[in-house]
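Worksheet: the structure to be examined is printed underneath.
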Amino acid sequence: PTTIFSNLSPIMMASRTFRSAKALKRFFSTRTPIVGGNWKLNAGNGMTKDSIDELVKGLNDSKIPSCEMFICPPTLYLERVQNSAASHLAVCAQNIYSEPKGAFTGETSGDMLLDMGIKWALIGHSERRDIFGESDELLGAKIAHAQRIGLNVVPCIGEHKEEREAGKTMDVLVPQLQAICDNVSDWSKIVIAYEPVWAIGTGLTATPEQAQDTHADIRTWLSQNVSAEVADNLRIQYGGSVKDSNSAALAAGPDIDGFLVGGASLKAPAFLSICSAFD
């Protein structure tokens, strides 16, 4: 029977040989896994400074995992978390603007983040695209500015359910990827997060095979359109209802280099369990 994963675009079909080769390289990869926790508009499990402090303390008191970690608190709490998080926890903004300063009410300056010691930012999350109408053009402008100032960024890409059902996943992802590639000169400052929009906060999750397939298709496209070196070295996270119960199976994918975690990152034990999937 036909499912939302049955139809494969020509780009996806063309990547199967590349994927088989990549599967053999997991044990030889130099890509360090990286797991991020996107708190969105949540102060930990509550709405107070105490809730933030409780979550950060739970993360600080854990053993240091073998993966890199970053956490993305709401903008209001960035400095508080930056001042209290352990050294192995990078603090990451949820958004930046494409200009350093000016008459841009409500926006966040990457330059000001760096002044605060914050060296990471998400860009282009699907909630920014769908709720606030952010375009690939704006995504590209933000990345270009981040590159100019040396800020590490995590551009987010993903497709909607109807696009997946129509077999158009890569048709949707390619313009998003192109907007990234057109504005990057230093790939060491980039981590891509693939988040199928239909799986964000819905409880639906791609199977490990489905997630791996799309990650491999993304890496194939990068190899063909940027360079094999960039494709081999770039870390690609999976996001979309990642939980401690499914993280180990997802982490086994040779092209899955980490996770961008939503709701599960608001509980220290669950988030740390997800991070340990790469131990």
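The values are calculated or read from the model by the stated rules, or taken from the named source; none is laboratory data. These numbers were taken from a predicted model, which means no experiment stands behind them. Cβ coordinates were reconstructed from backbone atoms using ideal geometry, including for glycine residues, and neighbour counts include every protein chain displayed. The area values use the complete protein model at the heavy-atom level, side chains included, leaving out ligands, DNA and RNA. Shrake-Rupley method; radii C 1.70, N 1.55, O 1.52, S 1.80 Å.
I'd like to know if segment 60-73 contains one or more residues that are of a type in the set (K, R) and in contact with a Cys (Cβ under 9 Å, 6 or more places away or on another chain).
Taking segment 60-73 and keeping what is of a type in the set (K, R), we get 63.
So of that shortlist, the ones also in contact with a Cys (Cβ under 9 Å, 6 or more places away or on another chain) come out as none.
No: segment 60-73 contains no residue that is of a type in the set (K, R) and in contact with a Cys (Cβ under 9 Å, 6 or more places away or on another chain).
Among the residues of segment 179-201, what is the count of those that are open to solvent by 50 Å² or more (accessible area, probe 1.4 Å) and either in a helix (DSSP H, G or I) or in contact with a His (Cβ under 6 Å, 6 or more places away or on another chain) (or both)?
Counting residues in segment 179-201 that are open to solvent by 50 Å² or more (accessible area, probe 1.4 Å) and either in a helix (DSSP H, G or I) or in contact with a His (Cβ under 6 Å, 6 or more places away or on another chain) (or both) gives 2.
Looking at segment 235-243, is at least one residue at negative phi, open to solvent by 40 Å² or more (accessible area, probe 1.4 Å), assigned to a loop (DSSP other than H, G, I, E, B) and not hydrophobic (A, V, I, L, M, F, W, C)?
yes
Scan segment 240-256 for residues that are farther than 16 Å from E68 by Cα, in contact with a strand residue (DSSP E or B) (Cβ under 9 Å, 6 or more places away or on another chain) and not aliphatic (A, V, I, L, M) and jot them down.
Matches in segment 240-256: G240, K243, G253, D255.
Please count how many residues of segment 204-234 are within 16 Å of the chain's Cα centre (by Cα), open to solvent by 10 Å² or more (accessible area, probe 1.4 Å) and within 10 Å of I256 (Cβ to Cβ).
1
What's the total number of residues in segment 138-156 that are open to solvent by less than 40 Å² (accessible area, probe 1.4 Å), in contact with a Gly (Cβ under 8 Å, 6 or more places away or on another chain) and without any contact (Cβ under 8 Å) to a residue 60 or more places away in the chain?
Matching residues across segment 138-156 total 6.
Would you mind stating whether G262 is more than 24 Å from C181 (Cβ to Cβ) and either touching a helix residue (DSSP H, G or I) at 6+ places or on another chain (Cβ under 6 Å) or open to solvent by 10 Å² or more (accessible area, probe 1.4 Å) (or both)?
Details: more than 24 Å from C181 (Cβ to Cβ): yes; either touching a helix residue (DSSP H, G or I) at 6+ places or on another chain (Cβ under 6 Å) or open to solvent by 10 Å² or more (accessible area, probe 1.4 Å) (or both): yes.
Yes: the conditions hold for G262.
I need the full set of residues from segment 89-115 which are under 22 Å from the mean Cα position of the chain (by Cα) and part of a loop (DSSP other than H, G, I, E, B), in order please.
Q94, N95, I96, Y97, S98, E107, T108, S109, listed by residue number.
Consider segment 111-137. How many of its residues are more than 19 Å from V197 (Cα to Cα), surrounded by fewer than 20 Cβ atoms within 10 Å (Cβ to Cβ) and of a type outside the set (D, E, K, R)?
The initial filter retains those residues of segment 111-137 that are more than 19 Å from V197 (Cα to Cα), namely 111-121, 137.
Retained after the next criterion (residues that are surrounded by fewer than 20 Cβ atoms within 10 Å (Cβ to Cβ)): 111-112, 114-117, 119, 137.
From what is left, the residues that are of a type outside the set (D, E, K, R) are 112, 114, 116-117.
Counting residues in segment 111-137 that are more than 19 Å from V197 (Cα to Cα), surrounded by fewer than 20 Cβ atoms within 10 Å (Cβ to Cβ) and of a type outside the set (D, E, K, R) gives 4.
Would you tally the residues in segment 164-178 being open to solvent by less than 50 Å² (accessible area, probe 1.4 Å) and among the acidic types (D, E)? Walk me through how you get there before you give the answer.
Taking segment 164-178 first, the residues open to solvent by less than 50 Å² (accessible area, probe 1.4 Å) are 164, 167, 169-170, 172-174, 176-177.
Imposing the further condition that a residue be among the acidic types (D, E) reduces the set to none.
So the answer is 0.
Can you find, within segment 235-279, the residue that is farthest from the chain's Cα centre (by Cα) among those that are closer than 25 Å to D186 by Cβ and β-branched (V, I, T)?
My answer is I256.
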